[in-house]
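Heads up: the structure comes next, in structure tokens.
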Amino acid sequence: MTRSPAQPIRGDIQTLRALAVWMVVVCHAWPSTLPGGFVGVDVFFVISGYLVAGSILKATRRGERVSVGAFWSRRVRRIVPAASVVALATTVVFCLVLDPLETRRYVGDGIAAVLFVANFRAEQDAAGYFSVVDPSPFRHYWSLGVEEQFYVLLPLLAAAAVLLRIRGRAVVPLVAAVTALSFVGGIWLARSYPGLGFYMLPSRAWEFGAGALASLLPALGVRLGARFATVVTAAGVAGIVLSVVKLSESSLVPGPWVVPAVLGTALLLNVHGDGTEPPRWLSFAPARWLGDRSYALYLTHWPPITWLLIRDEGRPAPLLDTVAAVALALLMALVVHALVERPLHRGARLLPSRARTLTAMSGGVGVVSVCALLLVPFAVSADAGRVAAVPTPQEVLAGPVTNPGFVSDDLVPSLSRARTLNGLYEGCHGLVEETEAKPCLYGPGSRPTVVVVGDSHAANWFDGVRTAFPNDRVAFVTHTNCPLYGGGPAGSSCNRWLDSAERYLAEERPPTVILANYTSAYVSGDLDDEASRDRVEVGWSGLLERLAAVRDVVVLGDVPSAAFDPPRCLARHLEDARACDFSPSAVSVGWNDVERRVVTAAGRRWVNTQDWFCAERCAALAGNVQLWRDSAGHLTPEASALMAPRLRAAVGG
């Protein structure tokens, strides 16, 4: 393929790039302000289709030979260095400084990012693109994966078209047909397999195709004249704005509301494709400046925002913190653009004789980054050089467990396995939409003598109850996010599950029922909210009345929960583990007190489990046992088993 001289960068395209990256940054930093801003990625895809696919398809239309190697070489210089450097830096900072607990995950995500297969890894993440809980700092690399995969296939398809003598007027209808097929298939995938539809090239190819068609078709600026070109320009901008306004987390993507932005971008690119001067407002200097740095900013914007989401457990960060994160991202983008992106990409344009050298250097940056990423886990130390013993049953019964002050080398579970779920989650713990109780039974005998009922905080006690009552037939009836005191809409899955659980208790009539519940998670944080108090009090009273036939009902008060993630804290404070102890929240203590009054008034036992973990502060560790697996008051299996003496004493038997 004959290489044409480098054309000056169009100001309107740089403005579009600036607009696209600005929308993505604002959407991620302040999602409630611009929830549809993620369509900026679609704008980038259309621009890539216009510039890259359009260029190679124009050559195909002329029947010119396609140099696959030269095309890939240019793409390597353009994309690989900055992406690799940012991925490596992000991995090192997160693993060594910010979040060593997740080293294995971050290294895997970083390698996928450098190899441009992050979209495959993201598709396997059940949390999804919009999740703010424990996000990956490489989530945004999915779009680079789609783009690079497109660039791998594009020259091969163009070369095949030349060999098959598909040229001239046949190119445009062929591109249009592939574009239409991708659009229809993408909508079907989005409806049937949302992850595949969102993250994969086949369902996104139509956006590149729209850009390619905008490049191949005659420019509207010539055909319509200056006045109508201005109207088309306004219509293009309106299309982008319409998509931003209409799109949200719940939108079908790809889907109908992505179309206005794609068509609007294609119109804006096409209308000035003949070199017609765009309106001044579409090509002003600050936007062109940001557009030059849009790729670097796209790479750097998400990691600082990710850290705020991790630090604040998915809650919106303070405004100043978010502004500081965006400012840091812009500063990093300026450094990456000046020291990495510009020298290796623009250098080959200015000095074509150095192209091969710069391509080799660019590829080398990627290879070195992958090798360095593989070494990161060896640099993350989780050893404090000391060991601690498991507290004895007598020590557990004597008072609140205490933190030894350091993370033991023989910590159980280890920091890397802090999120380990207990066996109840392997098919027995009810999920969100389940409506039938599925009891899991353990121990000798045919009928249960102890039944544990509740939500995930009841599931906390799986290992503890089994250890405390080894000679009893124990049943667990638990469900995610279902308050025992009810109050949900009539016929809701939670209420139907509760009815099913109560029927099971009525049929089995066990001598002992243990109830546990994450009470404060389902009500207003304001203890003076009468509606919330009535809901809790009436709900608990009604439940206890319906369990009147049960000989012994014991309600375990809610365990404490931290305002931060204890495992992450411990990973950063190996030698100062008491920094990860915490005070129980006033909300949790207050709702426990409401629950206690209702339960004792009904003549049933209520147990203060917070006293098992907290004196003035609540322990993050007990000897070499890691107590918490997250900030929501979920115990590790080992911590649950450690509390067996307390459970035995509290429940009796």
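The values are calculated or read from the model by the stated rules, or taken from the named source; none is laboratory data. In this text, all values refer to a predicted model and were calculated from it rather than measured experimentally. Counting neighbours? That spans all protein chains shown, and the Cβs are built from the backbone with ideal geometry, glycine included.
Would you point out the residue of segment 569-618, among those that are closer than 22 Å to Ala398 by Cβ and among the β-branched types (Val, Ile, Thr), that is surrounded by the most Cβ atoms within 10 Å (Cβ to Cβ)?
Residue satisfying both the conditions and the ranking: Thr609.
For Ala53, only one of the following conditions fails: (1) crowded, with 24+ Cβ neighbours inside 10 Å; (2) small (Gly, Ala, Ser); (3) touching an Asp or Glu at 6+ places or on another chain (Cβ under 9 Å). What is its number?
Checking Ala53 against (1) crowded, with 24+ Cβ neighbours inside 10 Å; (2) small (Gly, Ala, Ser); (3) touching an Asp or Glu at 6+ places or on another chain (Cβ under 9 Å), the one that fails is (3).
Answer yes or no: is there a residue in segment 232-248 that is assigned by TED's automatic domain parsing to the domain that holds Ser48, assigned to a loop (DSSP other than H, G, I, E, B) and in contact (Cβ under 8 Å) with a residue 12 or more places away in the chain.
Yes, because at least one residue in segment 232-248 is assigned by TED's automatic domain parsing to the domain that holds Ser48, assigned to a loop (DSSP other than H, G, I, E, B) and in contact (Cβ under 8 Å) with a residue 12 or more places away in the chain.
Any residue at all in segment 545-555 that is assigned to a helix (DSSP H, G or I) and on the phi < 0 side of the Ramachandran plot? Even if it seems obvious, please write down each step before you answer.
Going through segment 545-555, the residues assigned to a helix (DSSP H, G or I) turn out to be 545-546.
Within this subset, residues satisfying the condition of being on the phi < 0 side of the Ramachandran plot are 545-546.
Among the residues of segment 545-555, at least one is assigned to a helix (DSSP H, G or I) and on the phi < 0 side of the Ramachandran plot, which makes the answer yes.
Just to confirm my filter: which helices (runs of 4 or more DSSP H) fall fully inside segment 1-99 and include at least 2 residues that are farther than 30 Å from Ala372 by Cβ?
Ranges flagged: 11-29, 40-48, 54-61.
Have a look at Val523, Val538 and point out the one that is in contact (Cβ under 8 Å) with a residue 40 or more places away in the chain, touching a helix residue (DSSP H, G or I) at 6+ places or on another chain (Cβ under 8 Å) and of a type in the set (Val, Ile, Thr).
Values: Val538 fails: touching a helix residue (DSSP H, G or I) at 6+ places or on another chain (Cβ under 8 Å).
One residue alone meets the criteria, Val523.
In segment 104-134, how many residues are surrounded by fewer than 22 Cβ atoms within 10 Å (Cβ to Cβ), more than 24 Å from Arg75 (Cα to Cα) and of a type outside the set (Lys, Arg)?
Residues in segment 104-134 being surrounded by fewer than 22 Cβ atoms within 10 Å (Cβ to Cβ), more than 24 Å from Arg75 (Cα to Cα) and of a type outside the set (Lys, Arg): 13 in total.
Any residue at all in segment 174-186 that's out of contact with any helix residue (DSSP H, G or I) (no Cβ under 6 Å at 6 or more places or on another chain), surrounded by fewer than 21 Cβ atoms within 10 Å (Cβ to Cβ), of a type in the set (A, V, I, L, M) and in contact (Cβ under 8 Å) with a residue 60 or more places away in the chain?
Looking for residues that are out of contact with any helix residue (DSSP H, G or I) (no Cβ under 6 Å at 6 or more places or on another chain), surrounded by fewer than 21 Cβ atoms within 10 Å (Cβ to Cβ), of a type in the set (A, V, I, L, M) and in contact (Cβ under 8 Å) with a residue 60 or more places away in the chain, one finds none in segment 174-186, hence no.
Consider segment 587-615. How many of its residues are under 28 Å from Asp99 (Cα atoms) and free of Cβ contacts under 8 Å to residues at least 24 places away in the same chain?
Total meeting the criteria: 0.
Being surrounded by 22 or more Cβ atoms within 10 Å (Cβ to Cβ) and polar (S, T, N, Q) is the filter here; which residues of segment 63-102 pass it?
Residues satisfying the conditions are Ser84, Thr90, Thr91.
Considering only residues that are among the aliphatic types (A, V, I, L, M) and assigned to a loop (DSSP other than H, G, I, E, B), look in segment 425-447 and name the one that is nearest to Ala475 (Cα to Cα). Show your work before the answer.
As a first pass, look at segment 425-447 and keep what is among the aliphatic types (A, V, I, L, M): 431-432, 437, 441.
Okay, now just the ones that are also assigned to a loop (DSSP other than H, G, I, E, B), so 431-432, 437.
Details: Leu431: 17, Val432: 20, Ala437: 11 Å.
For segment 425-447, the residue satisfying everything is Ala437.
Which of the following residues is crowded, with 20+ Cβ neighbours inside 10 Å and either touching a helix residue (DSSP H, G or I) at 6+ places or on another chain (Cβ under 6 Å) or part of a helix (DSSP H, G or I) (or both): Leu299, Leu339?
Leu299
Can you tell which of Ser532, Ser561 is free of Cβ contacts under 8 Å to residues at least 12 places away in the same chain and over 30 Å from Arg473 (Cβ atoms)?
Sole residue among the options that is free of Cβ contacts under 8 Å to residues at least 12 places away in the same chain and over 30 Å from Arg473 (Cβ atoms): Ser532.
Considering segment 248-265 alone, what residues qualify as being more than 14 Å from Gly186 (Cα to Cα) and modelled with pLDDT under 95?
Ser248, Glu249, Ser250
Given the conditions (1) in contact (Cβ under 8 Å) with a residue 40 or more places away in the chain; (2) aliphatic (A, V, I, L, M); (3) farther than 23 Å from Val625 by Cα, report the number of the one that Leu441 does not fulfil.
The single condition Leu441 does not satisfy is (1).
Being within 30 Å of Val380 (Cα to Cα), under 15 Å from the mean Cα position of the chain (by Cα), surrounded by 22 or more Cβ atoms within 10 Å (Cβ to Cβ) and at pLDDT 90 or above, is that true of even one residue in segment 143-163? Give the steps one after another, and end with the answer.
We begin by selecting, within segment 143-163, every residue within 30 Å of Val380 (Cα to Cα); these are 143-145.
Now drop any that are not under 15 Å from the mean Cα position of the chain (by Cα), which leaves 143.
If we keep only those that are surrounded by 22 or more Cβ atoms within 10 Å (Cβ to Cβ) as well, we get 143.
If we keep only those that are at pLDDT 90 or above as well, we get 143.
Taking every residue of segment 143-163 in turn, at least one turns out to be within 30 Å of Val380 (Cα to Cα), under 15 Å from the mean Cα position of the chain (by Cα), surrounded by 22 or more Cβ atoms within 10 Å (Cβ to Cβ) and at pLDDT 90 or above.
Restricting attention to segment 219-231, does a residue exist that is surrounded by 15 or more Cβ atoms within 10 Å (Cβ to Cβ), within 29 Å of Ala113 (Cα to Cα) and either at pLDDT 95 or above or not aromatic (Phe, Trp, Tyr) (or both)?
No, segment 219-231 has no match at all.
Taking segment 578-595 only, how many residues are in a helix (DSSP H, G or I) and modelled with pLDDT of 95 or more?
3
May I ask you to list the residues in segment 630-653 that are surrounded by fewer than 24 Cβ atoms within 10 Å (Cβ to Cβ), touching a strand residue (DSSP E or B) at 6+ places or on another chain (Cβ under 8 Å) and either part of a loop (DSSP other than H, G, I, E, B) or of a type in the set (Ser, Thr, Tyr) (or both)?
Correct list: His634, Gly652, Gly653.
Given the structure, is Ser251 in contact (Cβ under 8 Å) with a residue 24 or more places away in the chain, in the same structural domain as Tyr151 (by TED's automatic domain parsing) and within 30 Å of Asp321 (Cβ to Cβ)?
yes
Starting from segment 59-78, keep only residues that are at negative phi, then list their pairs with residues that are among the aromatic types (Phe, Trp, Tyr) and assigned to a helix (DSSP H, G or I) whose Cβ atoms are within a distance under 8 Å, requiring at least 6 positions of separation or different chains.
Sorted first by the residue in segment 59-78, then by its partner, the pairs are Phe71/Tyr151; Trp72/Tyr151; Arg75/Tyr151.
Considering only residues of segment 423-450 that are among the polar types (S, T, N, Q) and at pLDDT below 90, which is surrounded by the most Cβ atoms within 10 Å (Cβ to Cβ)?
It comes out as Thr435.
Which number in (1) under 30 Å from the mean Cα position of the chain (by Cα); (2) closer than 19 Å to Ile514 by Cα marks the one condition that Val412 misses?
Against the list (1) under 30 Å from the mean Cα position of the chain (by Cα); (2) closer than 19 Å to Ile514 by Cα, Val412 comes up short only on (2).
Given the structure, is Val550 within 29 Å of Pro510 (Cα to Cα), under 36 Å from the mean Cα position of the chain (by Cα) and buried (at least 16 other Cβ atoms within 10 Å of the Cβ)?
For Val550, the condition - within 29 Å of Pro510 (Cα to Cα), under 36 Å from the mean Cα position of the chain (by Cα) and buried (at least 16 other Cβ atoms within 10 Å of the Cβ) - is not met.
Any idea which residue in segment 395-422 is surrounded by the fewest Cβ atoms within 10 Å (Cβ to Cβ), counting only those that are in a helix (DSSP H, G or I) and touching a residue at least 40 places away in the same chain (Cβ under 8 Å)?
Leu397
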